[in-house]
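The structure appears below as structure tokens.
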Amino acid sequence: MSKNVKSVVFSGVQPSGNLHLGNYLGAIKNFVDLQKKMKCIYCIADLHAITISQDPKELKKNILDTTAGFIACGLDFKKSIIFNQSSVSGHAELAWIFNCVSRIGWMNRMTQFKEKAGANKENANVGLYVYPNLMAADILLYKATHVPVGDDQKQHLELTRDIAQKFNNDFNAENFFPLPEPLIQEKLSRVMSLRDGKKKMSKSEESDYSRIDLKDDAETIKKKIKKAKTDSSPIPEKIEDLKNRPEAQNLLNIYSFVTNSTVEKTLKEMKGKDFSKFKDHLSDALVSVICPIGKKIKELESDTANLKKILKEGSEKASTIAKNNLKEIKEILGFIQS
Ligand code: ADP
Ligand code: TRP
């Protein structure tokens, strides 16, 4: 990245259900830390959410709940820009421009589309297919240089860099768009489902027992951890011995991360114990981190007027930046602007 490029952080979360432990540890915790170092812009990606069919009433509620979740996790709306994507029209405009820059071959490589479209690709909506171009537009509309995300979004970030590079080359606009870098938690880039250690924890998984929601109370957290899948062997001494034990590995990863420790240290501490004992420690650690956030979310959710005001202020700030950048983009493309 050239020296005179100003650092801007951008990221988004879809308002498609309750925020969960994977969202928090894999992404939002990083959003919070970055506020201390850089200018940050965080969006509730509601345009992305409608690539899956949504009940309008539910969507409205989820947008406000995600906003409450952001703030409860520690995002500061005075310092960072927090807004909902659909209220800044530049996202959809730039996405169209990028539909004309991006290549069908690039889209066809996207693994998330393949997973989400499932067997019946012909019947998938076109928005789901070009979703990565909208994500590139989100980031580049603000000329963002750094994007904190979970590991599952890495491929979309690579595509964003390809689009930025192609735009800069095709229109002779050297260094116009920065090539944004993903910021992925090294220690915990992917929190796995509590029911299947090979699948990521996700809002879209059917079973509630597969994830810890940030709004879960202590009782529920304990119950979910108790029911979390493990195997019958005790906790091993060495990391290598976790290789073919994805569920065990996942629970140990989560515990080590939330206690600010390392898996090596946790194994030293817990070796030989069976998982039922370890799960008590894990529940306690999670309750102490998650319950205060859940309590705050519920408080914030009860004042929807306040949440709407926060989004409105954020959208105004985001719109100002977006408008200026879009003006430059349109100039580069040769559009006449009145
Ligand atoms: P979900 O898959 O639950 O719908 P989103 O797609 O809204 O989650 O993801 C929002 C952010 O949280 C993204 O940066 C994503 O990479 C991150 N994230 C989601 N699930 C996980 C997980 N299980 N582990 C780590 N990060 C995750
Ligand atoms: N696609 C991301 C996800 O499903 C959410 C998202 C939308 C995003 N726009 C973004 C993430 C821009 C980072 C930057 O998790």
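Read-outs: derived from the displayed coordinates by stated rules, not from any lab. Since the model is a prediction, treat every value here as computed from it, not as a measurement. Glycine also receives a Cβ, built like all others from the backbone with ideal geometry; neighbour counts cover every protein chain displayed.
See the values below:
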{"quantity": "Interchain or long-range residues, amide H under 5 Å from LYS273's placed H", "calculated": "ILE235"}
{"quantity": "Sequence-distant residues sharing a close amide H with MET192 (under 5 Å, placed H)", "calculated": "MET201"}
{"quantity": "Over 25 Å (Cα to Cα) - which of LYS114/LYS200; LYS36/LYS317; LYS154/LYS279; LYS116/LYS154 fall in this group", "calculated": "LYS154/LYS279"}
{"quantity": "Peptides 60-70, 75-85 ordered by average Cβ neighbours within 10 Å, highest first", "calculated": "60-70, 75-85"}
{"quantity": "When each of LYS60/LYS224; LYS203/LYS295; LYS143/LYS215; LYS229/LYS296; LYS224/LYS265 is checked by Cα-Cα distance, pairs over 23 Å", "calculated": "LYS60/LYS224; LYS143/LYS215; LYS229/LYS296; LYS224/LYS265"}
{"quantity": "Mean-position separation - Cα centroids, the stretch 62-99 and the stretch 149-211, in angstrom", "calculated": "17 Å"}
{"quantity": "Where the Cα pairs of the stretch 208-299 fall when distances are cut into 10 Å bins, in %", "calculated": "17, 50, 27, 6, 0"}
{"quantity": "Peptide ranges 35-48, 234-247 listed from the most packed, as the mean C-beta count within 10 angstrom indicates", "calculated": "35-48, 234-247"}
{"quantity": "Equivalent ellipsoid semi-axes - Cα gyration tensor, the chain, angstrom", "calculated": "37, 22, 19"}
